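Here is the structure we will look at, set down as structure tokens.
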Amino acid sequence: MKRKITLKDIARELDVSISTVSKALKNSEEISRDTKEKVQAFAKLYNYRPNNIAISLKNKRTKNIGVIIPDIVHHFFTTVFRGIEKFANARGYNVIVCISDESFDKEVINMEMLANGSIDGFIMALSAGTQLKNDYNHLREVTDQGIPLVLFDRVTDEIACDKVVINDTEAAYMAVEKMIKDGRKRIALVTTEGHFNVSVKRAEGYYKALKDHKLPVDEDLVLTLPNTYDNEGISKAFFEKIDIDGVLCVNEIYAVRSIRHLQDQGKKVPEDVAVIGFTDGILSKLANPSLTSVAQHGERMGEMAAQLLIERIEAENPYEKDPVYRTEVIKASIVERESTNN
């Protein structure tokens, strides 16, 4: 029995793009005769069959939306999902959610599982594994077939689609500037590895705020943590060796942990050290002291992502040759609590 192949397999074997393969199989006039013959012969030899999601989308709508999020633990992603479901349900759509668990392989499997004719389009945030590998071919295969896709929060410029993000750089700048105006001069940054696009942008805001306010940039005050939950020893050692009066963390888990490490050393928050984190979830409200947070407005982000996707699904010509994609920016805000108010 001949193995089942995909558009990606044909493209790799013939050293052409996935888009070229897709157009050649449709007898597009944009593709040369020789290329079309090669592609079609190869597809016939290996008994290629197109993914039936494309046929499904052209003939009827399922009124289902597929959502893939990296992690169910983070409060932010649950609020985004809540916003997606709220908007989609109001428009008569059901939502199917899958968790990639920060894994590239699981993200690909989830997309393949949903792209079987059961959904009309995707909403997703990229997994850590996908951003680390910098491999987005599974997303290209989806968009090349005309399946609408909206990326939120963790996005990439490699894929042409609608996107929803927050003003990460500006938000981090505002957080650091707040601490500077409160008299803080040695402000640390606790961040993730550089393949996270959101962490990179937040770090940019941190550095820019320091430079604009004529404070020295000290790399010894920057802690970069691996994307795991077993890195507490690293952060504890970091806080034991540095002298700081402020901390910006790229998520609330890092921020709450930072507060505990500082308290273990006998330091008072915020009297000795002010702490600000991103997310503004349940942990931020229940921390002791409660955490000043950069609110990402996840529910609003989810509603906007669902709106963009449904507008694309219901467009008169969703398969137009050169669609104009939108990137919507949700403005973050700072919610002040006890960790900065002294």
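The values are calculated or read from the model by the stated rules, or taken from the named source; none is laboratory data. Note that this is a predicted model, so its numbers are computed, not measured. Methodologically, a virtual Cβ is constructed for each residue, glycine included, from the backbone with ideal geometry; neighbour enumeration extends over all protein chains shown.
Data overview
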quantity	calculated
Candidates PHE196, PHE152 - the one that is within 15 Å of the chain's Cα centre (by Cα), touching a residue at least 60 places away in the same chain (Cβ under 8 Å) and assigned by TED's automatic domain parsing to the domain that holds ALA255	PHE196
ALA203 being buried (at least 20 other Cβ atoms within 10 Å of the Cβ), touching a strand residue (DSSP E or B) at 6+ places or on another chain (Cβ under 8 Å), of a type in the set (A, V, I, L, M, F, W, C) and part of a helix (DSSP H, G or I)	yes
Segment 214-255: number of residues that are closer than 13 Å to ILE180 by Cα and surrounded by 15 or more Cβ atoms within 10 Å (Cβ to Cβ)	6
Condition check for VAL176: free of Cβ contacts under 8 Å to residues at least 24 places away in the same chain, within 30 Å of THR156 (Cβ to Cβ) and either buried (at least 17 other Cβ atoms within 10 Å of the Cβ) or under 20 Å from the mean Cα position of the chain (by Cα) (or both)	no
Residues located in segment 216-235, provided they are touching a helix residue (DSSP H, G or I) at 6+ places or on another chain (Cβ under 7 Å) and under 21 Å from VAL273 (Cβ atoms)	VAL217, LEU223, LEU225, GLU232, SER235
Residues being aromatic (Phe, Trp, Tyr) and within 19 Å of ARG140 (Cα to Cα) - total across segment 24-51	1
Some residue of segment 128-150 being out of contact with any Gly (no Cβ under 9 Å at 6 or more places or on another chain), outside any helix (DSSP H, G or I) and buried (at least 23 other Cβ atoms within 10 Å of the Cβ)	no
Qualifying strands (runs of 3 or more DSSP E) (wholly inside segment 233-334; at least 2 residues being in contact (Cβ under 8 Å) with a residue 40 or more places away in the chain and more than 30 Å from GLN145 (Cα to Cα))	246-249, 274-279, 292-295
From the options PHE152, PHE104, PHE76, PHE81, residue that is farther than 17 Å from PHE196 by Cβ and out of contact with any Phe, Trp or Tyr (no Cβ under 6 Å at 6 or more places or on another chain)	PHE81
Matching residues in segment 68-106 - criterion: being at negative phi, among the small types (Gly, Ala, Ser) and surrounded by fewer than 17 Cβ atoms within 10 Å (Cβ to Cβ)	ALA90, SER103
Looking only at segment 257-285, and only at residues there that are among the aliphatic types (A, V, I, L, M) and at pLDDT 95 or above, the one that is surrounded by the fewest Cβ atoms within 10 Å (Cβ to Cβ)	LEU262
Failed item, numbered, when ALA160 is tested on (1) assigned by TED's automatic domain parsing to the domain that holds ASP243; (2) of a type outside the set (Asp, Glu); (3) not in a strand (DSSP E or B)	(1)
Residue, modelled with the highest pLDDT, within segment 20-37, restricted to residues that are of a type outside the set (Val, Ile, Thr) and surrounded by 17 or more Cβ atoms within 10 Å (Cβ to Cβ)	LYS36
Counted residues, segment 255-306 - those being over 15 Å from GLU240 (Cα atoms) and either in contact with a Cys (Cβ under 8 Å, 6 or more places away or on another chain) or not acidic (Asp, Glu) (or both)	34
Unique match (being modelled with pLDDT under 85 and closer than 23 Å to GLN131 by Cα) among LYS8, LYS60, LYS4	LYS8
Among the residues listed as ALA209, ALA188, the single one being closer than 14 Å to CYS249 by Cα, among the small types (Gly, Ala, Ser), outside the structural domain of ILE123 (by TED's automatic domain parsing) and at pLDDT 95 or above	ALA188
